[in-house]
Amino acid sequence: MTFEILSYGFMHRALISGIAIALMCSVVGLFLVLRRYSLFGDALAHAAFGGVAAGLYLGIYPIWVAFAVSISSALGLTKIRQKFQISGDATVAILLSSGLAMGVVLISLAGGFTVDIFSFLFGSILLVSLENTILILGLAGSILIVILLLYRQLVYTTFNEEQAKVSGIQVEKLNYLLVAIAGITVVSSMQLVGILLISSLIVIPNVTAMMFGRGFKQTAILSMFFAVFSVVTGILTSYSFNIAPGGMIVLISIAIFAVSLVIKSAGLTKNKTIILSTKST
């Protein structure tokens, strides 16, 4: 049965896109989680929801509008937080509620929820087109290359922002770059798990990996493994049992997290975890 599933073209596109998104979310998400921005992805997803609604209302391709709204919201949120010294959780809450409110208003003006809206809310990875697959691969590859090129600076800034400034690293520009990348990652992931579940793919694999990782690199590798395993298993299981793929992917990710908690609490692993960034939000 499994081999028959793998013979379908739509399944090839779903798995390729899903793996690319999983790698992108796990790597970008690790920096966000370590900076205590775990809900940042959720806020950007709700902002992207407003962008999707605006695109459908104006008759523009929703993904492009979602990209513009998500990236501009990420940059604007960061600027506001830095300039007015507003706490990170407060700014995230403001962005989350404003994006959702804008989306609801525009949807009501457009005549209510449609099939298109539901596909963005809950994901439709099995219906991903060849063009979108190429787009996702291009974005994921570009983001991973940028992170590799700036790896040392990003890690240094994540763990000790003040010392990074003293050493000459352009911390502010790196922060803007990271949140812009997070915005791109969120919009790219909408087709996999949907707007409502994006933050889980960004956060859960990383939190799970942090239980076992003994350093940043090892934690990143474990996170990528957990994310890819959840996505591939979730897509195959959802098709086999006719279940929504987004929800199945997240449930598998949560199951891995729960098993990890049991293993950790039983003392079956060495009690070492990666240290969270101590900077305030």
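Among the residues of region 108-116, is any in a helix (DSSP H, G or I) and either aromatic (Phe, Trp, Tyr) or closer than 24 Å to Leu23 by Cβ (or both)? Checked against the condition, which is being in a helix (DSSP H, G or I) and either aromatic (Phe, Trp, Tyr) or closer than 24 Å to Leu23 by Cβ (or both), region 108-116 yields no hits at all. The residue that is farthest from Ser119 (Cα to Cα), among those in region 1-35 that are of a type outside the set (A, V, I, L, M, F, W, C) and modelled with pLDDT of 85 or more, is Arg35. Test Ile143 against the stated conditions and say whether it is closer than 20 Å to Ile71 by Cβ and crowded, with 18+ Cβ neighbours inside 10 Å. Spelling it out, Ile143 is indeed closer than 20 Å to Ile71 by Cβ and crowded, with 18+ Cβ neighbours inside 10 Å. Going by the structure shown, is Leu192 at pLDDT below 85 and either of a type in the set (Phe, Trp, Tyr) or touching a Gly at 6+ places or on another chain (Cβ under 7 Å) (or both)? Answer is yes for this residue. Would you point out the residue of region 217-232, among those that are out of contact with any helix residue (DSSP H, G or I) (no Cβ under 6 Å at 6 or more places or on another chain) and either over 20 Å from Ala244 (Cβ atoms) or among the hydroxyl-bearing types (Ser, Thr, Tyr) (or both), that is surrounded by the most Cβ atoms within 10 Å (Cβ to Cβ)? The qualifying residue surrounded by the most Cβ atoms within 10 Å (Cβ to Cβ) is Phe225. If you check Leu77, Leu23, Leu34, Leu96 for being in contact with an Asp or Glu (Cβ under 9 Å, 6 or more places away or on another chain), closer than 30 Å to Thr208 by Cβ and of a type outside the set (Val, Ile, Thr), only one passes: Leu96.
Elements of the type helices (runs of 4 or more DSSP H) sitting completely within region 136-219 and holding at least 1 residues that are without any contact (Cβ under 8 Å) to a residue 12 or more places away in the chain: these cover 151-159, 161-166, 171-193.
The requirement of being modelled with pLDDT of 85 or more and not in a loop (DSSP other than H, G, I, E, B) is not satisfied by Leu56. Within region 53-60, does at least one residue satisfy the condition of being without any contact (Cβ under 8 Å) to a residue 40 or more places away in the chain, over 18 Å from Ile117 (Cα atoms) and either surrounded by fewer than 19 Cβ atoms within 10 Å (Cβ to Cβ) or in contact with a strand residue (DSSP E or B) (Cβ under 6 Å, 6 or more places away or on another chain) (or both)? Taking every residue of region 53-60 in turn, none turns out to be without any contact (Cβ under 8 Å) to a residue 40 or more places away in the chain, over 18 Å from Ile117 (Cα atoms) and either surrounded by fewer than 19 Cβ atoms within 10 Å (Cβ to Cβ) or in contact with a strand residue (DSSP E or B) (Cβ under 6 Å, 6 or more places away or on another chain) (or both).
The values are calculated or read from the model by the stated rules, or taken from the named source; none is laboratory data. What you see is a predicted model; the values in this text were computed from it and never measured. Note: ideal-geometry Cβ built from the backbone for every residue, glycine included; neighbour counts use all protein chains shown.
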